[in-house]
1. Rounded to whole Å, give me the distance from the Cα center of segment 134-176 to that of segment 270-319.
2. Provide the packing ranking of 378-385, 136-143, i.e. peptides ordered by the mean count of other C-beta atoms within 10 Å per residue, highest first.
3. Pull up the cross-link candidates among the lysines for residue 71, meaning alpha carbon to alpha carbon under 16 Å and not fewer than 8 places away within one chain.
4. How much space per residue, in cubic angstrom, does the convex hull of the C-alpha atoms of segment 45-136 take up?
5. For segment 232-281, what size does the Cα cloud have along each of its three principal axes, sorted from largest down, in whole Å?
6. Which of 100, 86, 131 sits farthest toward the positive end of the charge dipole of segment 79-182, with +1 on the Cβ of Lys and Arg and -1 on the Cβ of Asp and Glu?
7. Can you give me the orientation-averaged projected area of the convex hull built on the Cα atoms of segment 244-309, in nm²?
8. What angle, in degrees between 0 and 90 and rounded to the nearest 10, separates the Cα long axis of helix 244-253 from the longest principal axis of the Cα atoms of the chain?
Amino acid sequence: MGMTMTQKILAHAAGLDEVKAGQLIMANLDMVLANDITGPVAIQEMDKFNKKGVFDKDKIALIPDHFSPNKDIKSAQNCKCMRDFAHCNHITHFYEVGEMGIEHALLPEKGIVTAGDTVIGADSHTCTYGALGAFSTGVGSTDAAAGMSTGKAWFKVPSAIKFVLTGKPAKWVSGKDIILHIIGMIGVDGALYRSMEFTGDGIAHLSMDDRFTIANMAIEAGGKNGIFPVDDVTIEYIEAHMNPARKEACQKAGVPAYTVYAADEDAEYDETYVIDLSQLKPTVAFPHLPENTHTIDEVGDIAVDQVVIGSCTNGRLEDIKTAAEILKGRKVAKGLRVIVIPATQQVYLDAMKAGYIQTFIEAGAIVSTPTCGPCLGGYMGILADHERCVSTTNRNFVGRMGHVTSEIYLASPAVAAASAVTGKISGPSELGL
């Protein structure tokens with residue numbers, strides 16, 4: 001029996017001709033990631049190992065993005081821990097204030113991860129890189145410590161679910177709406193420890209930013225990873241962002257800078273879902289689970305206190321552009337707070353050049369330096385009791401962004417921006433768009 005795309009990547013990483021679902025393997029890693037919450041814990045765990053140092057200074061990425069710029073003394077100490085470790089071990093990919101971005105937007109942008117890679121990160125949304133045709137998944141800090149030390153990780157090979165995407169999405173329907181639709185359909189544990197593999201002619205109508213968003217939220221359906229086939233859109237992105245040092249090193253070694261894997265025609269899938277993208281509508285996940293979804297025409301009259309546009313899910317340039325297009329020439333509703341967070345310094349710079357930052361400020365929004373802050377209830381947008389927020393982030397659990405009685409409604413940048421204007425959960429159509 002053939003292998004899925006994920007299984008092929010894992011087989012190569014384990015040095016095996018083939019693997020099967022449920023098989024335990026030891027895989028070589030192409031990248032290990034940690035942030036300012038998980039990184040210090042992993043570094044402390046490494047102190048317990050007999051082996052000193054890291055397995056490869058070029059295959060570790062440390063990015064303080066959750067409470068950075070430093071929120072308080074504890075966050076400053078965590079960042080100092082990472083900084084000292086990075087300098088001591090000559091870590092190539094250490095990015096902090098001035099260079100940093102939200103980790104899952106920054107790594108693809110800098111070409112640090114690419115097609116065919118096997119990646120672990122001490123952050124659950126590491127599955128984002130499946131958009132590039134990589135196997136990437138979140139792990140705990142102890143596994144990240146072992147990965148940084150040895151360059152290896154144990155995996156149980158996942159079985160897979162196939163999602164056949166067909167048709168072309170309507171205007172204002174984005175990757176966020178697609179993945180919310182899927183999570184609403186299968187539930188938050190519908191893909192538990194399974195690979196979510198996306199295919200079909202509809203993929204051709206999805207930008208890389210759409211694909212990053214969909215792969216990013218595979219974990220919200222319980223998935224081990226989400227992964228897309230590598231097509232011309234992917235190749236164009238990879239070639240445009242290829243890390244120069246990686247490219248040079250691969251040329252010297254006489255090996256390709258990236259590898260394209262495709263599922264076998266006779267690969268086994270636990271289930272197959274066919275989704276006609278042309279039939280989807282803007283979708284909102286109500287509190288307190290991402291599976292609690294409603295299309296925009298089912299929402300009703302729900303006033304909100306805050307809108308957040310950003311995060312590793314929806315803080316890329318296309319997201320910022322969409323929000324700016326809707327807010328252009330309009331004003332944020334009186335009494336509403338709107339926070340826009342470009343995911344990386346490059347996104348911020350590109351948005352500034354395009355005039356988007358001016359649009360947001362003139363509309364009455366604020367624009368923040370790249371940070372995960374509000375997404376996890378860290379800072380830069382904490383909710384008070386009984387406040388409601390429309391957010392382009394990825395989780396809406398109880399207390400996720402602040403007070404336990406607050407409510408988070410997950411939505412696309414288009415819905416978030418339209419809601420910012422009306423003061424209630426709204427789609428662009430309510431603005432005549």
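The values are calculated or read from the model by the stated rules, or taken from the named source; none is laboratory data. No experiment lies behind these values; they were computed from the predicted model shown. Don't worry about glycine lacking a Cβ; one is built from the backbone with ideal geometry, like all the others, and counts go over all protein chains shown. Note: areas computed on protein heavy atoms with side chains; ligands, DNA, RNA excluded. Shrake-Rupley method; radii C 1.70, N 1.55, O 1.52, S 1.80 Å.
1. 20 Å
2. On the way: 378-385: 17.8, 136-143: 21.2.
Highest-to-lowest ranking by the protection proxy: 136-143, 378-385.
3. 80
4. Working: hull volume 9.9 nm³, N = 92.
Looking at segment 45-136, the number lands at 108 Å³ per residue.
5. 46, 30, 14
6. Farthest along the dipole direction, towards plus: 131.
7. Numbers: hull surface 41.1 nm².
The Cα convex hull of segment 244-309, projected and averaged over all directions, gives 10.3 nm².
8. For 244-253 against the chain, the angle is about 20 degrees.
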